[in-house]
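Engineer: After the structure tokens below, expect a handful of questions from me.
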Amino acid sequence: MLFTKPSRRDLLKGTGILIVSFSMSSLFKTAFSQSGTPAKTVALDEVDAFLAIDPRGGVTLYSGKVDLGTGIGTALTQIVAEELDVPLARVQVVEGDTALTPAQGKTWGSLSIQNGGVQIRQAAATARRALLQEAAKRLGTPAEDLIVEQGTVRSRSDGKQVTYGELIGGKTFSLKLDKQAPLKDPAKYKIVGQSVPRFDIPGKMTGQFTYMQDFKVPGMLHGRVVRPAAIGATLLSVDESSARDVPGLVKVVRQGNFLGVVAESEWSAILAAQKLKANWSNWEGLPEQSALWEYVRATKANKDDVTSNVGNAEQALEQAPKRLSATYNFAIHTHGSMGPSCAIAEIKDGKLTCWSSSQATHDLRQQLAAMLSMPDTDVRAIYVEGSGCYGRNGHEDAAADAVLLARAVGRPVRVQWMREDEHGWDPKGPPTLMDLQAGLDANGNVIAWYSQLYTPEGAIGNVKLVAAELAGLPHEAGMVPGNVIQNTAIPYAFPNVRTVAHRLAATPLRPSWIRAPGRMQNTFCNESFIDELAAAIGADPLEFRLRYLNDPRGVELLKRLARFAQWQGRTLPKRESGDVATGRGLSYVKYELARTYVGAIADVEVNRKSGEIRVRHFAIVQDCGQIINPDGVKNQIEGNVTQTVSRVLKEEVTFDRSRVTSLNWASYPILTFPEIPDIDIELIDRPTEKPWGVGEPSAAVVPSAISNAVFDAVGVRLRSVPFTPPKVRAAMQTA
Amino acid sequence: MPTTIALHVNGRAILVKVDDPDMPLLYVLRDNLGLHGPRFGCGLGQCGCCTVHLSGRPVRSCVTPLSAVGKKKIVTLEGLGTPDKLHPVQKAFVEEQAAQCGYCINGMIMEAAAFLASNKSPSDAQIKQALAHNLCRCGTHQRILLAVKRAATAV
């Protein structure tokens with residue numbers, strides 16, 4: 001293995017290290033107090049919050065951003081090793097521990113490198129400058145004469161040298177992070193920009209890796225939750241005798257509508273949860289799924305967010321000689337993590353420790369503290385990597401479940417959700433509806449664009465915890481779907497544009513963010529409707545976009561995409577005859593109109609008889625500025641494309657009036673191996689630009705690229721995700 | 001009443017004490033033996049995360065009752081190869097960096113290793129068919145396919 005990641009336990013032990021050496025002449029302070037209290041700072045403006053160097057020169061990176069299986073642990077390590085000039089193998093990373101890592105914000109929104117990595121890079125640059133100053137003093141050489149190689153500072157003139165370990169080993173920097181500290185010239189990068197192999201992968205291939213689902217603590221019991229039979233049902237009674245014969249059952253835990261079991265072994269907990277008889281009230285508060293879009297349209301909007309307003313779109317529409325309109329919608333999706341959410345909680349001496357795969361341990365800490373009405377300072381939330389989550393899935397909820405069960409039995413409790421808990425109770429990507437209108441003048445120029453999005457209100461914040469709500473304990477009010485109005489505004493320079501989001505007071509299921517939240521839905525609507533406009537005037541979809549795009553990076557990207565995918569201009573759909581028709585569709589996004597650019601061309605086959613769509617190929621060109629790890633970026637793009645093809649062709653959460661009914665992979669099917677597309681990727685590297693996020697943007701272009709390709713193939717528009725065979729057949733019948 | 005069951009896991013004969021002989025094999029492997037390779041994904045035999053080899057054949061340990069194991073030899077991801085001595089399939093997966101979160105990878109490797117043992121030079125379509133019942137949510141399929149192809153030349 002290239003380098004190893006120490007176990008969590010080693011790291012925890014490391015925090016209590018007692019260091020007695022002290023040098024008055026050093027810039028650096030002795031690490032931690034001599035009483036042995038771990039006094040590590042997590043303040044965002046302190047270098048020590050991010051970095052520590054031990055006497056042997058080993059560097060520890062403390063990252064508030066966590067690796068959700070995306071490889072950012074390795075990428076962040078590359079940034080640190082590069083900026084400090086130390087070998088990669090000497091850098092270890094601690095992620096998402098409220099006692100040790102700075103609160104760098106949730107691991108979401110494709111911001112781990114863009115924000116988190118940039119903060120970390122600045123901390124490393126500040127540290128490097130201080131280390132050079134200290135070395136200059138020690139060696140009696142001007143700092144300009146010093147070079148750093150492999151963590152050793154050497155004088156160019158006389159060859160004298162000192163290692164980072166000797167300079168600071170075990171002491172703290174005690175330095176404010178300096179935003180002006182000079183950064184290394186990207187032209188000199190040796191590690192950033194390289195496809196360094198991920199440090200977690202060998203362990204994951206051999207069973208040596210410890211996922212949250214594998215993590216154990218001494219004395220731990222096993223818990224399972226028993227969720228209400230209907231989402232809003234009240235627990236009327238529990239027949240504890242129904243589970244009494246399960247060996248090893250420790251306790252049936254009931255608090256309000258929160259119900260769970262704790263047992264000595266995992267299997268006993270599962271059996272007890274299955275056997276436990278509970279009597280729930282009826283509740284039928286969900287709308288009829290068959291009338292979902294009518295329900296969404298009829299839901300009261302608490303406010304309107306106007307996301308762009310140029311000229312007077314409504315007036316221009318009225319006066320336009322030619323008008324087009326269309327309505328698009330996008331189904332409710334679940335995160336569908338392969339491993340159901342899992343967490344362990346322990347309450348000891350009035351202090352709570354919670355291990356989970358939360359993408360936001362600092363926020364989870366506050367939520368758990370609020371739930372138990374205890375001070376934040378008595379809660380420590382520690383990240384342990386789990387199954388991929390693609391947003392806010394059930395990890396935090398499992399943590400809250402574990403906390404309530406642990407509190408009830410006075411011992412540490414591990415909770416893993418069962419499959420139906422994950423599919424049924426993780427928060428969902430909410431249903432999204434958009435009405436679009438456009439006006440064209442007599443020459444086919446677009447003179448007006450007006451869109452209205454119907455999406456739940458709420459934005460940044462924490463999704464309420466299921467356990468807290470069921471148990472009647474303090475929790476957040478309101479909905480938190482993520483920043484779902486992003487990319488309602490469009491990248492095209494039409495003279496009159498108005499984009500409005502009607503923020504709805506309710507949505508059927510607890511919402512949260514799933515990969516490219518809102519950006520995916522909105523880009524689906526916008527880029528499909530753009531394709532409709534191009535077709536309406538008989539323009540090539542690529543040329544049409546370029547006509548209205550005045551962003552040089554966007555223009556370059558689209559031209560490279562055309563070349564890369566050998567786009568043949570076309571002004572009409574192919575509408576191939578025969579049972580199986582093939583088509584190509586194009587899509588483009590500038591993520592949030594502010595960062596990563598992605599262009600996509602999809603090749604599809606549509607079976608006219610069965611209505612089945614096969615996505616054969618995706619070509620992606622992406623410009624995310626500076627690239628830290630090209631293979632890591634490609635891995636993210638491949639994942640985005642494949643996962644989103646799955647979402648677009650197959651996925652839809654189903655529910656009756658009481659509860660979610662798509663509770664496993666049979667009722668919520670996802671893409672299987674025989675159905676996967678081939679993917680080719682071209683990355684535009686811009687080493688001197690800011691590094692932008694890659695975790696989501698390439699997902700946003702997938703639905704519209706497929707929809708546009710289907711139009712090319714058979715001449716019909718698919719405006720409702722998922723594009724299931726019945727919908728395709730229906731669209732072809734009405735065409 | 002606890003029952004003692006004899007198992008053969010990764011080359012070792014072991015005895016486990018269980019309350020329920022119908023408990024799925026997965027829980028013995030994970031909870032009694034502390035193995036991390038086989039993982040709980042669905043408990044329904046739908047996703048493949050829990051796959052182990054029973055007498056060389058891939059089975060879903062989440063729906064395999066202990067009582068059905070008998071004398072069959074069990075091999076888990078840990079028994080297939082170790083970091084120092086990777087099985088060719090594991091090696092190929094590392095070389096192709098064929099993982100994102102990696103939670104499904106146990107099943108992918110175990111399924112592919114059993115498949116390649118009897119199919120020395122499979123086509124892409126055959127590999128995809130062999131893995132058709134192993135789900136991956138991260139969308140790592142393309143890399144997994146490349147890894148299995150790479151392994152096919154090495155097995």
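Engineer: If we restrict to alpha carbons, what Rg and Dmax does the range B:116-155 come to, in Å?
Structural biologist: 10.0, 28
Engineer: Charges only on Cβ, +1 for Lys and Arg, -1 for Asp and Glu: so what's the dipole of the protein assembly as shown about the Cα centre, in debye to the nearest 20?
Structural biologist: Its charge dipole is roughly 1120 debye.
Engineer: Please state, as a whole number in µm²/s, the translational diffusion coefficient that the Stokes-Einstein equation yields for the range A:346-393 at 20 °C and 1.002 mPa s, with Rh defined as the Kirkwood radius across alpha carbon pairs. Could you put the intermediate results ahead of the total?
Structural biologist: Working: Rh = 11.1 Å.
Translational diffusion coefficient: 192 µm²/s.
Engineer: Normalised radius of gyration for chain B, please: alpha carbon Rg relative to 2.2 N^0.38 Å, two decimal places. Walk me through the intermediate numbers first.
Structural biologist: Values: Rg = 15.4 Å, N = 155, 2.2 N^0.38 = 15.0 Å.
Chain B yields a ratio of 1.03.
Engineer: Here's a follow-up. Which of the listed residues, A:Thr688, A:Ala705, A:Asn635, is farthest toward the dipole's positive end in the range A:604-716, when Lys, Arg count +1 and Asp, Glu count -1 at the beta-carbon?
Structural biologist: Farthest towards the positive end: A:Ala705.
Engineer: OK, next. What's the magnitude of the charge dipole for the range A:432-734 around its Cα centre, counting Lys and Arg as +1 and Asp and Glu as -1 at the beta-carbon? Answer in Debye, nearest 20.
Structural biologist: Numbers: 33 positive and 32 negative charges, 76 e Å.
Computed about the Cα centre, the dipole is about 360 debye.
Engineer: Return P(r) of the range A:49-164 (all Cα-Cα pairs; 10 Å bins starting at 0; whole %; ordered from short to long distances).
Structural biologist: Using 10 Å bins, I get a P(r) of 14, 44, 27, 13, 3 for the range A:49-164.
Engineer: Could you give P(r) for the range B:3-78, binned at 10 Å from zero, as whole percent values over all Cα-Cα pairs?
Structural biologist: Spelled out bin by bin, the range B:3-78 gives 21, 62, 17 percent.
Engineer: For the range B:2-19 and the range A:480-557, what is the separation of their Cα centres, given in Å?
Structural biologist: 58 Å
Engineer: What is the Cα radius of gyration of the range B:81-154 over 2.2 N^0.38 Å, N being its residue count?
Structural biologist: Details: Rg = 11.0 Å, N = 74, 2.2 N^0.38 = 11.3 Å.
Rg over 2.2 N^0.38 Å, computed on Cα atoms: 0.98.
Engineer: Report, to one decimal in Å, the Kirkwood hydrodynamic radius for the range A:502-566 based on all distinct Cα pairs.
Structural biologist: On the way: mean 1/r = 0.0695 Å⁻¹.
One decimal place: 14.4 Å for the Kirkwood radius.
Engineer: Which translational diffusion coefficient, to the nearest whole µm²/s, is obtained for chain A from the Stokes-Einstein equation, given a Kirkwood hydrodynamic radius over C-alpha pairs, 20 °C and 1.002 mPa s?
Structural biologist: Numbers: Rh = 27.5 Å.
Translational D for this selection: 78 µm²/s.
Engineer: If you look at just the Cα atoms of the range A:467-603, how large are its Rg and its Dmax in Å?
Structural biologist: Here Rg and the maximum Cα pair distance are 19.2, 61 Å.
Engineer: Which value, in Å to one decimal place, does the Kirkwood hydrodynamic radius take for the range A:432-734 when every pair of different Cα atoms is included? Intermediate results must be reported in sequence, preceding the final value.
Structural biologist: Details: mean 1/r = 0.0498 Å⁻¹.
In the range A:432-734 this quantity evaluates to 20.1 Å.
Engineer: While we're here: What value in Å³ per residue do you get for the convex hull of the alpha-carbon atoms in the range B:60-107?
Structural biologist: Numbers: hull volume 4.2 nm³, N = 48.
Dividing the Cα hull volume of the range B:60-107 by its residues yields 87 Å³.
Engineer: List the relative contact order of chain A as a percent without decimals, with contacts defined as Cα pairs under 8 Å and 6+ residues apart.
Structural biologist: Values: 1744 pairs, mean separation 97.8, N = 735.
Contact order relative to length: 13 percent.
Engineer: Oh, and also: Can you give me the Kirkwood hydrodynamic radius for the range A:354-430, using every pair of distinct Cα atoms, in Å to one decimal? Show your work: numbers first, answer last.
Structural biologist: On the way: mean 1/r = 0.0772 Å⁻¹.
Result for the range A:354-430 stands at 13.0 Å.
Engineer: Convex hull over the Cα atoms of the range A:123-191, averaged projected area in nm²? Mind dumping the intermediate values first?
Structural biologist: Details: hull surface 20.4 nm².
Average of the hull's projected areas for the range A:123-191 equals 5.1 nm².
Engineer: Under 37 °C and 0.692 mPa s, how fast does the range A:362-504 diffuse according to Stokes-Einstein, given a Kirkwood radius computed over C-alpha pairs? Answer in µm²/s, whole number.
Structural biologist: Numbers: Rh = 18.2 Å.
The calculation lands on 180 µm²/s.
Engineer: So how far, in whole Å, is the C-alpha centre of the range B:28-103 from the one of the range A:628-676?
Structural biologist: The two parts, judged by their Cα centres, are 23 Å apart.
Engineer: Past 25 Å, Cα to Cα: identify those pairs from A:Lys65/A:Lys184; A:Lys106/A:Lys184; A:Lys65/A:Lys179, in the order given. If you can, show how the numbers build up before the last one.
Structural biologist: Details: A:Lys65/A:Lys184 23 Å; A:Lys106/A:Lys184 27 Å; A:Lys65/A:Lys179 19 Å.
Cα-Cα > 25 Å for A:Lys106/A:Lys184; rest within.
Readers should treat all values here as calculations from the given coordinates under stated rules, not as data from a laboratory. This structure is a prediction, so every number in the text was calculated from the model and none was measured. So basically every Cβ, Gly included, is an ideal-geometry build from the backbone, and we count neighbours across all protein chains shown.
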